[in-house]
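What follows is one structure encoded as structure tokens, with my remarks underneath.
The values are calculated or read from the model by the stated rules, or taken from the named source; none is laboratory data. Predicted, not measured: the structure shown is a model, and the values here were computed from it. Don't worry about glycine lacking a Cβ; one is built from the backbone with ideal geometry, like all the others, and counts go over all protein chains shown. These accessible areas exclude ligands, DNA and RNA; they are computed on the full protein's heavy atoms, side chains included. Shrake-Rupley method; radii C 1.70, N 1.55, O 1.52, S 1.80 Å.
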Amino acid sequence: MNVLKKIYYIILFPLYYLFKLVKANLFLAWDILTPKMMINPGFTRIRLEISSDFGLLLLSNPVSMTPGTLSQDIDRERKFLEVHLLYMDQREVTEHEVRDIMTKIKRILE
Amino acid sequence: MTALTSILLFLGSVFILIASIGLLRFRESFSRMHATTKATSFGLLLILAGVVFYFLSFIVAIKALLVIVFVYLTAPLAAHSISKTVRNTGKNKR
Amino acid sequence: MESTFENTMIILSFSALLMALLITLYRLMRGPSSSDRIIALDLVVSVVMGFILLYSVLVSKEIYVDIAIVISLISFMGTISISIYLRHKK
């Protein structure tokens, strides 16, 4: 039962990734092509809950590909992930999305 | 050469064009990296999907999958390395 | 490649890639700092990869897809090595 659930989550993760990818590119294309750009860049830090190498690879790759975020740095104790945001006014929503990805990865790895 | 193939190829080229326009219009290096990392990878994905639908053979599909995996593994790493360089040299203003 | 719609579409996609190459070369010459030049160089390699894939469809030879694999590996190595060189140069 547990194995079946894990396989289900492993199949679900690439679909979620593809959905995020299409959404990110449509947002970015809209932002670039409209003459008045609504961007407001800045940095933020997010507390990490996973610390293995593979888990961090799985986390930083979707964070770079989701709308408006680009993963920048991880400090030496692996406590915080530094993220560059394109829309600083929607900071709460974006941090919530990154935490959502983190829970999905924790479900796969554990 | 079906209509689907040509539409996929055209959309991929348009996304690469959008990435270059973003490289021209954004004001600082980090925002430019947003444009090149996301839109370029997505454009290459669409072009490779068009190539697979054009040839419709197994070996081309495997090769296209390899290219997609390489691009999607290496594009965020390259962006990460460039941004570390930008922050170390401290020349991110214009 | 007889029907007109597909011919038009492939010519349009070639011209879109050509415009992308011109804009990127402008940023590569003009770029204020050297990091902007690295980003532009990374985009140039992707545009060339798109050209080769479109050309493989145009002449309908599937051997050209192999070049895309090699380019995708070499461009990653080049970008990483240039950025690490600039980081340690000071």
Next on the checklist: Angle check, please: helix A:91-109 long axis (alpha carbons) against the longest principal axis of chain A (alpha carbons), in degrees 0 to 90, nearest 10.
Outcome noted: 20
Item to check | Convex hull of chain A built on C-alpha atoms - directionally averaged projected area, nm² | outcome: 7.1
Checklist entry - To the nearest 10 degrees, how steep is helix C:65-89 against the longest Cα principal axis of chain C, on a 0 to 90 scale? => result 20
Checklist outcome for this item: Cα extents of the stretch B:3-89 per principal axis, largest first, Å, are 48, 24, 9
Item to check | Cα-centred dipole magnitude for chain C, charges only on beta-carbon of K, R (+1) and D, E (-1), debye, nearest 20 | outcome: 740
Next on the checklist: If each DSSP helix of 4+ residues adds -39,500 (n - 2.57) and the sum is divided by the residues in the protein assembly as shown, what number results at 222 nm, nearest 500 deg cm²/dmol?
Outcome noted: -27000 deg cm²/dmol
Item to check | Segments A:25-37, A:61-73 sorted - mean Cβ within 10 Å per residue, highest first | outcome: A:61-73, A:25-37
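What part of the accessible area of chain C, given as a whole %, is carbon or sulfur when the probe is 1.4 angstrom? Spell out each step's value before the answer.
Working: 3400 of 4730 Å².
The nonpolar share, carbon plus sulfur, comes to 72 percent.
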Checklist entry - With every protein chain present, what is the per residue accessible area of the protein assembly as shown (1.4 Å probe, Å²)? => result 50
Next on the checklist: Compute the helix-to-body angle for A:2-33: its Cα long axis versus the longest principal axis of chain A, expressed 0 to 90° and rounded to tens.
Outcome noted: 10
Checklist entry - Taking the Cβ-Cβ separation of B:Ile59 and C:Val59 as r and a Förster radius of 22 Å, what is the calculated FRET efficiency to the nearest 0.05? => result 0.80
Next on the checklist: Modelling each spin label as a point 7 Å along the Cα-to-Cβ direction, I'd like the B:Leu24/C:Ile74 distance in nm, to one decimal.
Outcome noted: 2.8
Checklist entry - How would B:Ile7, A:Ile39 line up by accessible area, probe 1.4 Å, largest first? => result B:Ile7, A:Ile39
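If you put +1 on each Lys and Arg Cβ and -1 on each Asp and Glu Cβ, how big is the dipole of the protein assembly as shown around its Cα centre, in Debye rounded to 20?
Details: 32 positive and 20 negative charges, 209 e Å.
With Lys and Arg at +1 and Asp and Glu at -1, about 1000 debye.
What total accessible area, in Å², is buried where chains B and C meet, using a 1.4 Å probe and rounding to the nearest 100?
Summing both chains' loss of accessible area gives about 4200 Å².
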Checklist entry - Based only on the alpha carbon positions, what is the Kirkwood hydrodynamic radius of the stretch C:4-89, in angstrom? => result 14.4
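Could you tell me which GluC sites (Glu not before Pro) in the stretch A:44-109 are loop residues by DSSP with no more than 11 other beta carbons within 10 angstrom of their beta carbon? Don't skip to the answer; put the middle values down first.
Details: sites: A:Glu49, A:Glu77, A:Glu82, A:Glu92, A:Glu95, A:Glu97; in loops: A:Glu49, A:Glu77.
Sparse-neighbourhood loop GluC sites (Glu not before Pro): A:Glu77.
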Checklist outcome for this item: For A:Lys5, the aspartates and glutamates lying under 16 Å Cα to Cα, once residues fewer than eight places off in the same chain are dropped, come out as A:Glu110
Checklist entry - Of all the accessible heavy-atom surface of chain A, with the other protein chains kept in place and a 1.4 Å probe, what percent is carbon and sulfur? => result 62
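Which of the residue pairs A:Lys106/B:Lys63; A:Lys79/A:Lys104; A:Lys106/B:Lys38 have a Cα-Cα distance greater than 21 Å in the structure shown?
On the way: A:Lys106/B:Lys63 31 Å; A:Lys79/A:Lys104 18 Å; A:Lys106/B:Lys38 25 Å.
Result: A:Lys106/B:Lys63; A:Lys106/B:Lys38 exceed 21 Å.
For the protein assembly as shown, what is Rg from Cα atoms divided by 2.2 N^0.38 Å, rounded to two decimals? Before the final figure, lay out the partial values.
Numbers: Rg = 19.3 Å, N = 294, 2.2 N^0.38 = 19.1 Å.
Against the compact-globule rule of thumb, the ratio is 1.01.
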Checklist entry - Put +1 on the Cβ of each Lys and Arg and -1 on the Cβ of each Asp and Glu in chain C; which of C:Leu18, C:Phe76, C:Val48 then has its Cα farthest toward the positive end of the dipole? => result C:Phe76
